[in-house]
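Remarks on the structure that follows.
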Amino acid sequence: MNTASRTTDPVASADGSPGALRHDALALSAAAQARSAVLEERLVDDPRQFRVLTGDRPTGRLHLGHYFGTLLNRVRLQDLGVEMFVVVADYQVLTDRDIADDPTGYVEELVLDYLAVGLDPSRSTIFTHSSVPALNQLLLPFLSLVSVAELGRNPTVKDEIAHSRQSSVSGLMFTYPVHQAADILFCKANLVPVGQDQLPHLETTRTVARRFNDRYGAGAAVFPQPDALLSSAPLLLGTDGTKMSKSRCNAITLAADADETARLIKGAKTDADRHITYDPAARPEVSSLLLLAALCQNLAPEQVAADIGSAGAAALKRTVTEAVNEHLAPVRARRREFAQDRAYLRRTLSEGNERAGEIADTTLAEVRTAMKNQY
C-alpha cells in the first residue's frame, strides 16, 4: 500500500486566525483535488494496492443523498477490487447524543441499506465500533499526539458543535477527529473517500500517523499517511430546500415505499416560475429536483428540464417521482428480502467484527511494541 508523503504539518502550522484557517482550507482542498485525479487513475490500474475505510453513524435510515453521495461510490470501489472496510460508528453517536433511541435497530437498518445497494460482506468488511476493543484502545496514544488547540480549531468539530441539539457537548466531541484517525489507522487504510468538509478530519489522521511514526517508529513507518479520495458527489437538497439530512426529516430514505416517495416529492419546495430550467444558483430547489431525476435516469439535468418545458412544478414532481421509484425498485426489493433474514444481518456483523478485531489486535500489538509497552 502506497501513500503520498508530506513534509509540512498543516494542522500544527495554522495560527488559528480566520484568514489563516481559510487559506489552509483552500490549500488543502486544491491539493486533495489534484491528488484525487491521480488516485482515480491508479485505482483503475491497480486497485488491490488500496485499502479503504469508510462508514456511517447509525442515527437513522440512509437516504438519497447518501445513496448518490457515498454508497454508489463504495460499491464501485468494491467492484473494482479495492479492499473495503465499512464501520458502523455506533460509539460516535455518543458525540452529540446523550443516548441513542434504539441502537440495535439503527445498526440493523444501516446494514440493510448497505446490503440493498450492493455492498457484499464477502468483499467488504462491515463491522461496529463497539465490537472492536483494540480499535478504541488506539484512541489513547493517538490523543497524546495532538494538542487541545489543534482539536479546538478543527472546522468540522466547530460545525458539529454549532449544530448539536444539546445545550452543551461532551469532551468526546473534541476527540471525534482522533477517534476517526483510530478508525482509519487500525486497519492501515491508505485511502479514504471524503467530501470537502471532511478534509480537516483526514488531515488530523495524517498528522497522527506522521507523529506516531516520528516518535515511535525508529525510522520505520508503522502507519501509512492515508490519502483523501475527494467525492464529486452531487449536492441534493431536502424536500424543504435545505440540506438533505436524517435529523431534518426532509429526506427520501432508501426504505421508503413508492407511495411515501410520491408524497414527499409532492410536498417538495419549488418556485412560482412554470417554465422549468436547470439553474442551481437562481433556482436551487427546482434544480435539485431536476438533478435527482437526471441521476436516476442517467441523463443531464438540462435534458430533463427541456423535456418538461413549461408544464410546471406538478409535471416536474411527477417526473422525479417516476424516476426515483423506478431507479430504487430493485434496491428496495433487495432490502425487503434481506429484512426477512435478521439472522443473516447478525451473521454479517459477527463475521465483520471478527475480521476487524483480528486486524485491530495485530495493529495494537505493533503499537505496544513500538511504544515499548509490552510487559
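General remarks:
- The amide H of K243, built 1.01 Å from its N in the peptide plane, has G238 as neighbours under 5 Å, considering only residues 5 or more places off or on other chains.
- Long-range HN-HN contacts of L191 with modeled amide H, under 5 Å: R51, L53, D227
- In the chain, helices alone account for a calculated mean residue ellipticity at 222 nm of -17000 deg cm²/dmol, with every DSSP H run of four or more residues adding -39,500 (n - 2.57).
- Shape analysis of the range 167-252 based on the Cα gyration tensor places the equivalent ellipsoid semi-axes at 32, 17, 9 Å, largest first.
- The rule of thumb for compact globular proteins, 2.2 N^0.38 Å, goes into the C-alpha radius of gyration of the range 200-336 1.47 times.
- With every protein chain in place and a 1.4 angstrom probe, the accessible-area ranking of F338, F223, F174, F68, largest first, reads F174, F338, F68, F223.
- Whole-Hz couplings from phi, Karplus 6.51/-1.76/1.60, listed for the range 134-140; x for Gly and Pro: 5, 4, 5, 5, 5, 4, 5
- The chain - share of DSSP beta bridges that are antiparallel (%, nearest 5): 10 percent
- Residue-level accessible surface for E302, protein heavy atoms, 1.4 Å, Å²: 100 Å²
- Accessible area of S170 in the full protein assembly, 1.4 Å probe (Å², nearest 10): 50 Å²
- Compactness of the range 89-203 is given as radius of gyration and Dmax, 15.0, 43 Å, from Cα positions.
- Apportionment of accessible area to carbon and sulfur, the range 156-247, percent (1.4 Å): 52 percent
- Mean Cβ neighbour count within 10 Å, used as a protection proxy, ranking 107-118, 31-42 highest first: 107-118, 31-42
- Label-reachable residues, the range 225-263, where backbone N falls under 17 Å from a point 7 Å from A333's Cα toward its Cβ: 255-259
- For K269, the lysines whose Cα falls under 24 Å of its own Cα, not counting residues fewer than eight places away in the same chain, are K243, K246, K317.
- In order along the range 72-84, the Karplus-derived 3J(HN,Hα) couplings, from 6.51 cos²θ - 1.76 cosθ + 1.60 at θ = phi - 60°, round to 5, 5, 5, 5, 4, 5, 4, 5, 5, x, 6, 6, 10 Hz, and Gly and Pro are given as x.
The values are calculated or read from the model by the stated rules, or taken from the named source; none is laboratory data. Note that the structure is predicted; figures quoted are calculated from it, not measured. For neighbour counting, all protein chains shown are included, and Cβ atoms are generated from backbone atoms with ideal geometry for every residue, glycine included. In case anyone asks, the SASA skips ligands and DNA or RNA and just uses the protein heavy atoms, side chains included. Shrake-Rupley method; radii C 1.70, N 1.55, O 1.52, S 1.80 Å.
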